[in-house]
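The values are calculated or read from the model by the stated rules, or taken from the named source; none is laboratory data. Bear in mind that the values here come from a model prediction, so they are computed numbers and not experimental data. When we count neighbours, we look across all protein chains shown, and the Cβ atoms used for this are built from the backbone with ideal geometry, even at glycine. Only protein heavy atoms, including side chains, enter the accessible area calculation; ligands, DNA and RNA are left aside. Shrake-Rupley method; radii C 1.70, N 1.55, O 1.52, S 1.80 Å.
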Amino acid sequence: MFLQARDNQTRQIQETVSNVEKHFGELCQIYAGYVRKTARLRDKADLLVREVNAYADTETPNLKHGLKAFADELAKLQDYRHAEVERLEAKVVEPLKSYGAIVKVKREDLKVTLNARNRESKQMTQLEKTRQRNPSDRQIISQAETELQRATMDAARISRQLEETIDNFEKQKIKDIKKIFSDFVTIEMVFHGKALEVLTSAFQHIEDIDEEEDLEVFRSSLHPPDFQSRLDIVRANSRTGTSKRMSASLSQTSGSRHKKKPEEDEEENDLEDEDDESTDGYN
């Protein structure tokens, strides 16, 4: 009955260790993949920052300024993401990974305990055989009983040590898993809090781009200054030529109004003669 109880205890300890080994191993692999994905996202975002900056250099002033400011905020976000990667690696992945070595030690402890119980079981079997073969040989039986007693004491001592060890293991496991998951949540909260702040600023930089002003700059770029100056000269020359032609036309018109024809001069002379004759009559 006592041996059966100890066997049940050992079986439960084995299941506990195996459970931790399996699930902590899975968690470690998944979190390691999570960190790698985050690091790749950081690297892709760095490429995005570089491309936005390169594109901004080709654009109109307001758009260029807005895109440069946006890229700066995006680069700042990747600095926070880099810190997130490093913290996840140190506070989540590494502690989970360390359980590989811890579980290995616990399996060694279990092995020592099982070996001690196997020796006890063998000594017990040996004693029964000795009693059956030599029921009257007290010396051999006494020696076998002594060996059994020693094996039983060793097994009991090792079992108690294992029980204490596994109790500490369970206590530390619960404490560690709480800390690992708490650290994970804290790291993610800090990153996303910073990300919200930075992305809000990045959004504002894009919203502040003056579309109309840049559109005017673009339209002006379609008519370079030298082309515009030549166009103005042509327009000015055209206006000057028109003014000269209009002045000449007006001068000709005015001259024609004041120029007398020969017939008109004769008529005026005749009228003067008539006036002279009239004057002579009155005298």
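For the reader, a short list of remarks on this structure follows.
- Å³ per residue enclosed by the Cα convex hull of the stretch 1-129: 87 Å³
- Chain lengthening between Met189 and Asn115 when straightened (0.36 nm per residue, less Cα-Cα): 21.8 nm
- Computed E for Gln12/Tyr34 - FRET, C-beta separation, R0 41 angstrom, nearest 0.05: 0.80
- Heavy atoms of Ile177: accessible area, 1.4 Å probe, square angstrom to 10: 40 Å²
- Here the accessible area is traced with a 1.4 Å probe on the protein chains. For the stretch 84-214, carbon and sulfur cover 53 percent of it.
- Listed by chain and number, the lysines whose alpha-carbon sits under 29 Å from that of Lys68, ignoring those within fewer than 8 places in the same chain, are Lys37, Lys44, Lys76, Lys194.
- Using a Förster distance of 22 Å, the FRET efficiency for Gln161-Arg131 (Cβ separation, nearest 0.05): 0.10
- Residues in the stretch 99-132 reached by a label modelled at Gln143 [backbone nitrogen below 14 Å; 7 Å Cα→Cβ]: 127, 130-131
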